[in-house]
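One structure below.
Each reported figure results from applying straightforward, stated rules to the coordinates on display, with no laboratory input. Please read these numbers as outputs of a predicted model, since none were measured by experiment. Cβ coordinates were reconstructed from backbone atoms using ideal geometry, including for glycine residues, and neighbour counts include every protein chain displayed.
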Amino acid sequence: MSFFNSIGRSMTRAPRNAKRSPTPTSATFSPVEYNSNSTPPSPVVAAPKPLYLCSPFVEAALVKGNFKTIVMLPKYVDIMEWVAVNIFDFYTNLNEFYGVITECCTQQTCPTMSAGSVLNYTWINQDRKSVHLPAPTYIDYVMTWAQNLLDDESVFPTKSGRDFPQSFPSTVKHVYRQLLRVFAHIYHAHYHQILHLRSEPHFNSLFAHFLAFGREYELLEMKDLKGSSSAPVGVGALWERWRDMGILDG
Ligand SMILES: [Zn+2]
């Protein structure tokens, strides 16, 4: 079912509980189907292969199998409610991860919001101008903005009887794109710190869940995930790798 086509359906729903997503048991992604010769060459052949694409890190996960099973809309659950609670979870978990590595993400280490060897995101300021910001500033803006939306009853209603606004799908799509950028920066610039904390199974699972959910409910644009051929997003290759391993759908 298309999330975007669901607008106009009955929006009656129960109050949202801050329920966690299903917590999986420890496992690893099954790498058996993956054949490294079957993937097309990356456009960034000159750059060394990032660690997140290397074994055993690329297979490290808390969840075994395809993520589609945990993103499907549960029976009797309103689709708006399902999207809202999952966005809340993705935001909360990502914020916790970033909080742990925040000391390593400074104006000196990350003077731009990088997400690939030649990709730096820009922020649209109040004058509608596109500006480069240090990554910690950019991420602080994103997380504060998202937190304010999540706290806003008129955007993410939690009380019984209040409806989601018509603009809800486009708002969450916007949130998704910005959270993707935070994931992309952490993978690109701070994956070694994730490894140092031995958190790669958890972080990979969170990101794979985020990608699967975004694809299922049309919140994630492939152009945002992959970038352009001249400035690819680093994690675009990770998505391709997980797709080839059977963890994500195409
Ligand atoms: Zn950084």
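Within the range 207-250, the residues that satisfy the criterion of being charged (D, E, K, R) and either out of contact with any strand residue (DSSP E or B) (no Cβ under 9 Å at 6 or more places or on another chain) or closer than 17 Å to Trp82 by Cα (or both) are Arg215, Glu216, Glu218, Glu221, Lys223, Asp224, Glu240, Arg241, Arg243, Asp244, Asp249. In the set (1) of a type outside the set (D, E, K, R); (2) within 16 Å of the ligand (Cβ to nearest atom); (3) in contact with a strand residue (DSSP E or B) (Cβ under 6 Å, 6 or more places away or on another chain), the condition left unmet by Pro136 is number (3). Annotation: of all residues in the range 92-121 being surrounded by 15 or more Cβ atoms within 10 Å (Cβ to Cβ) and away from the ligand (no atom under 13 Å from the Cβ), the one that is nearest to Gly234 (Cα to Cα) is Gly116. Kindly establish whether Asp127 is of a type in the set (Asp, Glu), touching a residue at least 60 places away in the same chain (Cβ under 8 Å) and not in a helix (DSSP H, G or I). When the stated conditions are applied, Asp127 does not pass them.
May I ask you to list the residues in the range 138-159 that are exposed (fewer than 15 other Cβ atoms within 10 Å of the Cβ) and either within 15 Å of Trp82 (Cα to Cα) or basic (Lys, Arg) (or both)? Within the range 138-159, Lys159 is the sole residue that qualifies.
Residues of the range 177-203 that are free of Cβ contacts under 8 Å to residues at least 12 places away in the same chain and either within 15 Å of the ligand (Cβ to nearest atom) or under 17 Å from Gln107 (Cα atoms) (or both): His196 alone. Scan the range 97-108 and tell me whether some residue there is free of Cβ contacts under 8 Å to residues at least 60 places away in the same chain, in a helix (DSSP H, G or I), of a type outside the set (Phe, Trp, Tyr) and closer than 27 Å to Pro169 by Cα. No, because not a single residue in the range 97-108 is free of Cβ contacts under 8 Å to residues at least 60 places away in the same chain, in a helix (DSSP H, G or I), of a type outside the set (Phe, Trp, Tyr) and closer than 27 Å to Pro169 by Cα. One residue stands out in the range 160-175 among those that are without any contact (Cβ under 8 Å) to a residue 40 or more places away in the chain and part of a helix (DSSP H, G or I): the one that is surrounded by the fewest Cβ atoms within 10 Å (Cβ to Cβ), namely Ser170.
Scan the range 69-96 residue by residue and report those that are touching a Ser or Thr at 6+ places or on another chain (Cβ under 8 Å) and part of a helix (DSSP H, G or I). Please lay out each step first, then the result.
Of the residues in the range 69-96, the ones touching a Ser or Thr at 6+ places or on another chain (Cβ under 8 Å) are 70, 78-80, 86, 89.
Across the range 69-96, the qualifying residues are Ile70, Ile79, Met80, Asn86, Asp89.
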